[in-house]
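Right, one structure below, let's go through it.
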Amino acid sequence: MYAVKANPSPEIIRTLWDGGITHFDVASINEVRLVRGLLPEATLCFMHPVKAREAISEAYFEHGVRTFSLDSHEELEKIVEATGRASDLTLCVRLRVSSAHSKLSLASKFGASIDEAPALLLAARQAADALGVCFHVGSQAMSPQAYIEAMTLVRAAIVQAGVTVDVVDVGGGFPSIYPGMDPAPMQMFFDSIHRAFEAMPISYSAELWCEPGRALCAEYASVLVRVERRKGDVIYINDGAYGSLFDAAHVAWRFPVNLLRGSTSAATEFSFYGPTCDDMDYMAGPFVLPADVKAGDYIEVGMLGAYGAAMRTAFNGFVNGETVIVTDEPMASAYAVTESTPHSVTAIRN
Ligand SMILES: *Cc1c(COP(=O)(O)O)cnc(C)c1O
């Protein structure tokens, strides 16, 4: 599944569909409508564990959604009622697992604890046509150990509940490549997950699912920003904390940067101010650029396909931008690139 949240642009949703991705993790009724409108034949899975009653009903009755996640008895009852006690549901019980190996935690908000899980699995089994167990190890997991530990927990919950499980969904969290972050190779994640899956007390026909967002789209887009002013080693640019650089500001994420005009000046560390009037519109970086960067220059900020354009607001009026489809390589890649598989990159110009 592709987690639509990471980048809901129609272009990437169609690109992924053309590339063979048929299942989409949607979290709101607007994401359900969006993907259904673009891809009438896609399978949609509503993986937000706390949903509005009317969203469940519309998803089930109008958009053919059959897979829902939950982490409480209340949500289970809500899904059962809102679907008219449907007999064709795939219900995925979300377990709370550690985010210790990840850069962004998803450990507090959702997920049944290991103590709550057995009773919830039993109750969901009664209401489900197919029963799944899901979790999220946090975004940008740096080591396969995250999945190994989570799957050990899942295994214990299944054994305690004594239920038949049809789906193990290891969620998202697969990493991409950013400055200062050096995740284990993707294949190591897959190998570890397959080994852990094989050791699970589940039937031969059980399915292994995942829901990556970041790893499928981080490389898809760059943002081109313009330098409006330079003050020492701080650069004022025309995108920022309330735009596609939310993560650069709020969680001090570093993105690769590249000055578009050539320069032989020495590499120097800069921080950025965004365009709004807010002090918080600040990105510490450091972002490494040639020392002679100046007002009027354009900078490519790379690896912004995930949680970049998806996070943009119109705050202070700074929302204008132009999207251009290009086909050059991303600034970094977690995948082996061959001549025959060029990447498609969207650039947004503010
Ligand atoms: C955000 C989210 C994802 C995608 O996470 P990434 O870290 O981008 O891979 C997948 N599943 C759920 C339930 C999520 O909330």
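The values are calculated or read from the model by the stated rules, or taken from the named source; none is laboratory data. Keep in mind the model is a prediction, meaning the values are calculated, not measured. With ideal geometry, Cβ positions are generated from the backbone for all residues, glycine too; neighbour counts draw on all protein chains shown. Surface areas here come from the heavy atoms of the whole protein model, side chains and all, with no ligands, DNA or RNA. Shrake-Rupley method; radii C 1.70, N 1.55, O 1.52, S 1.80 Å.
Brief remarks on what is shown
- Conditions (1) out of contact with any helix residue (DSSP H, G or I) (no Cβ under 9 Å at 6 or more places or on another chain); (2) away from the ligand (no atom under 15 Å from the Cβ); (3) open to solvent by less than 10 Å² (accessible area, probe 1.4 Å); number of the one not met by M151: (1)
- Scanning the range 37-67 for residues that are part of a strand (DSSP E or B) and either out of contact with any His (no Cβ under 9 Å at 6 or more places or on another chain) or over 12 Å from T90 (Cβ atoms) (or both) yields a single hit, F46.
- Residues within the range 255-274 that are open to solvent by 30 Å² or more (accessible area, probe 1.4 Å) and touching a residue at least 40 places away in the same chain (Cβ under 8 Å), tallied: 2
- Residues that are touching a residue at least 40 places away in the same chain (Cβ under 8 Å) and either touching a Pro at 6+ places or on another chain (Cβ under 6 Å) or surrounded by fewer than 12 Cβ atoms within 10 Å (Cβ to Cβ) (or both), drawn from the range 311-331: F318, I325, M331
- For T323, the criteria (1) farther than 26 Å from F174 by Cα; (2) among the β-branched types (V, I, T); (3) touching a Phe, Trp or Tyr at 6+ places or on another chain (Cβ under 6 Å) hold in every case but one, which is (3).
- Test set (1) within 15 Å of the ligand (Cβ to nearest atom); (2) in contact with a Pro (Cβ under 7 Å, 6 or more places away or on another chain) - L34 fails condition number: (1)
- Pairs, first over 14 Å from S143 (Cα atoms) and assigned by TED's automatic domain parsing to the domain that holds S99 in the range 160-179, second charged (D, E, K, R) and open to solvent by 10 Å² or more (accessible area, probe 1.4 Å), C-beta under 7 Å, six or more apart: V163/R125; D166/E207; V167/E207; D169/E211; G171/E211; Y178/R254; P179/R254
- Residue match in the range 37-44 (condition: within 12 Å of the ligand (Cβ to nearest atom) and at pLDDT 95 or above): no
- Annotation: A199 fulfils all but one of (1) farther than 25 Å from H23 by Cβ; (2) touching a residue at least 40 places away in the same chain (Cβ under 8 Å); the unmet one is (1).
- Filter result (out of contact with any Leu (no Cβ under 9 Å at 6 or more places or on another chain) and surrounded by fewer than 17 Cβ atoms within 10 Å (Cβ to Cβ)) within the range 110-125: D115, A119, L122
- Looking across M280, M303, one residue alone is among the hydrophobic types (A, V, I, L, M, F, W, C), more than 16 Å from the ligand (Cβ to nearest atom) and either assigned to a loop (DSSP other than H, G, I, E, B) or assigned by TED's automatic domain parsing to the domain that holds V137 (or both). It is M280.
- Matching option when the condition is within 14 Å of the ligand (Cβ to nearest atom) and on the phi > 0 side of the Ramachandran plot, among G180, G213, G171: G171
- Test: residue in the range 216-237 that is under 24 Å from G111 (Cβ atoms), touching a residue at least 40 places away in the same chain (Cβ under 8 Å), open to solvent by 10 Å² or more (accessible area, probe 1.4 Å) and within 16 Å of the ligand (Cβ to nearest atom): yes
- Boolean, A130 is buried (at least 22 other Cβ atoms within 10 Å of the Cβ) and more than 15 Å from the ligand (Cβ to nearest atom): no
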